[in-house]
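**Student:** Below: one structure in structure tokens.
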């Protein structure tokens, strides 16, 4: 089993039985997500920025405007921490103390660097599009050189990562099970709504077949993981 | 209009027309969310931790085990950055470059401190329960002293905050509108599923009337904001 080796930085201490370090646990949590929260430090001040990301092997990528303060700062190689979180349910217990959440989360550590080279930058951006929207890259006009110049791609090889997962019903103190208090789980999930065509859409253009997975009501996490699995 | 005064730390630089600093924009984004991502720095290393949070006035609160590494570190008064993010839609444009997201996000800066005093700690934890689950506190057994001792509540008065919002259809380069390429928005939202009673639920106990807002299919963000608004 391929696994990351935790150090003090990434080891799950609280409720450590919920902590996992293997790729087989961590990668599916990452691949089912679209937004990561990326923490970095400028002059001692912590910042955290939500951003779309993607994964290739043990490396995470994100991108943005070449003028972005975050990306310009990260280009040089700086410590970063990336969190990905799926909220799966609210856990209502019979005491305030035992209320909890069902969730899947990953915390990954590494050093952010600029992706150097126009070819690799373009390849990563194509991967990002096709990872989200199967087959879409081929349906778009080619990127313009100026667009690639205006875009920065950052990579972070994962040095350490941990996953933390909670599932299932509440766990109450034994005497509390006798109370007349409702307890259980209220599931929460990100779902896809009905696509809204651009009001300026050219007449006769239909919704792409490659995006059939984006059906109204589909779970976004499952759909994203399917897209990632298809890319291999 | 009450607003935060941005400095270089919080001013939205990229796409600055999307940036807002007024409470009337920022508070509803916070109140519609359950999870925040909190960044902090230990020995120069950035960390970001997802956690449930709540708001009272200009102060954000979060809590956890008194043994939590994050909370023990934050007790003393350390700089923190809190991000709250709602993904509202995927924006598909006619070029890779103009693909985007619809979202509402807040980045808040301040100093994390321990909430001192058993009475205030208990009051905040009650607020947290009732903010999420209207009327639930009264249905639970009282907190035990030992439970309060085992729990730490952290507060962070917001010193600066900015909101960033994108809505609406893609914005393409003028010539691209003639392309035979589908463009539009695929909405994404967090929704509530059907409640799952604890298998060990006492016979005859029904789902609380106060939680009627947690109806299957309800939007979680709208529901949370309603709960917050009810508390005043």
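Laboratory data are not the source of any read-out in this text; all were calculated from the coordinates shown. In this text the structure is predicted, and so the values were computed from the model without any measurement. Glycine gets a Cβ as well: all are built from the backbone with ideal geometry, and neighbour counts include every protein chain shown.
**Student:** Based solely on its DSSP helices, what 222 nm [θ] is calculated for the protein assembly as shown when runs of n ≥ 4 H residues each add -39,500 (n - 2.57) and the sum is averaged over all residues, nearest 500 deg cm²/dmol? Present the calculation step by step, with values, prior to reporting the outcome.
**Tutor:** Numbers: 10 runs with 94 residues, N = 464.
One gets -6000 deg cm²/dmol as the mean residue ellipticity at 222 nm.
**Student:** Another one. Just to confirm the number: angle between the C-alpha axis of helix B:220-231 and the first principal axis of chain B, 0 to 90 degrees, nearest 10?
**Tutor:** For helix B:220-231, the angle is close to 50 degrees.
**Student:** Given springs between every Cα pair under 10 Å in a Gaussian network model of chain A, which of A:206, A:65, A:100 has the largest fluctuation?
**Tutor:** Ranking A:206, A:65, A:100 by mean-square fluctuation puts A:206 first.
**Student:** Across the residues of B:80-88, average count of Cβ atoms on other protein chains within 10 Å?
**Tutor:** So the per-residue partner count for this stretch is 4.
**Student:** Taking a label point 7 Å from Cα toward Cβ, how far is residue A:114 from its twins in the other copies, in nm, shortest first?
**Tutor:** Copy-to-copy label distances for residue A:114: 4.5 nm.
**Student:** Let me ask something else. Per residue and in cubic angstrom, what volume does the convex hull of the Cα atoms of the stretch B:103-187 have? List each step's numbers first, then the result.
**Tutor:** Numbers: hull volume 13.5 nm³, N = 85.
Cα-based convex hull of the stretch B:103-187, divided per residue, equals 158 Å³.
**Student:** Once label points are set 7 Å from the Cα along Cα→Cβ at both residue A:138 and residue A:15, what is their separation, rounded to one decimal in nm?
**Tutor:** 4.5
**Student:** Now, a different point. Suppose you put the label 7 Å out from Cα in the Cβ direction; list, shortest first and in nm with one decimal, how far residue B:222 is from each other copy's label.
**Tutor:** 2.3
**Student:** Right, another one. Please report A:140, A:127 as a ranked list, fewest other C-beta atoms within 10 angstrom at the top and most at the bottom. Display every interim value, and only then the final one.
**Tutor:** Working: A:140 22, A:127 16.
Lowest count first: A:127, A:140.
**Student:** Which residue, A:186, A:165, A:129, tops the fluctuation ranking in a GNM of chain A built on C-alpha contacts under 10 Å?
**Tutor:** Top of the fluctuation ranking is A:186.
**Student:** Considering only A:45, A:190, A:74, give the residue with the highest GNM mean-square fluctuation for chain A, with springs between Cα atoms whenever their separation is below 10 Å.
**Tutor:** Judging by the Gaussian network model, the answer is A:45.
**Student:** Count, for each residue of B:204-214, the Cβ atoms from other chains sitting within 10 Å of its Cβ, then give me the mean as a whole number. Walk me through the numbers before you get to the answer.
**Tutor:** Numbers: counts 1, 7, 2, 4, 3, 0, 0, 4, 0, 0, 5.
For peptide B:204-214, the averaged partner shielding equals 2.
**Student:** If you wrap a convex hull around the C-alpha atoms of the stretch A:16-231 and split its volume per residue, what is the figure in Å³? The partial results should precede the final answer.
**Tutor:** Numbers: hull volume 36.8 nm³, N = 216.
Here the figure is 170 Å³ per residue.
**Student:** I would also like to ask the following. Average partner chain C-beta neighbours within 10 Å, per residue of A:163-176? Walk me through the numbers before you get to the answer.
**Tutor:** Details: counts 0, 2, 0, 0, 0, 3, 6, 3, 2, 2, 3, 0, 1, 2.
What the average comes to for A:163-176 is 2.
**Student:** Taking chain B as the reference, fit the longest principal axis to its C-alpha atoms, fit the long axis of helix B:118-132 to the helix C-alpha atoms, and give the angle between the two in degrees, 0 to 90, nearest 10.
**Tutor:** 50
**Student:** Whole number please: convex hull volume per residue, Cα atoms of the protein assembly as shown, in Å³. The partial results should precede the final answer.
**Tutor:** Working: hull volume 70.5 nm³, N = 464.
Here the figure is 152 Å³ per residue.
**Student:** Now a separate question. Give me A:81, B:181 sorted ascending by neighbouring Cβ count inside 10 Å, so fewest comes first.
**Tutor:** Details: A:81 27, B:181 21.
Arranged by neighbour count, lowest to highest, A:81, B:181 become B:181, A:81.
**Student:** Label residue B:159 and residue B:222 with points 7 Å out from Cα along Cα→Cβ: what is the distance between them in nm?
**Tutor:** 3.8
**Student:** Label position 7 Å from Cα toward Cβ: report the copy-to-copy distances for residue A:197 in nm, one decimal, ordered from shortest.
**Tutor:** Sorted ascending, the copy-to-copy spacings read 4.7 nm.
**Student:** Sequence gap at least 6, Cα distance under 8 Å: using those rules, report the relative contact order of chain B to the nearest whole percent. Could the numbers behind the result be given before it?
**Tutor:** Numbers: 418 pairs, mean separation 59.7, N = 232.
The value is 26 percent.
**Student:** Now, a different point. Can you give me the Cα centroid spacing of the stretch A:186-209 and the stretch B:31-88 in angstrom?
**Tutor:** What the calculation gives is 34 Å, centre to centre.
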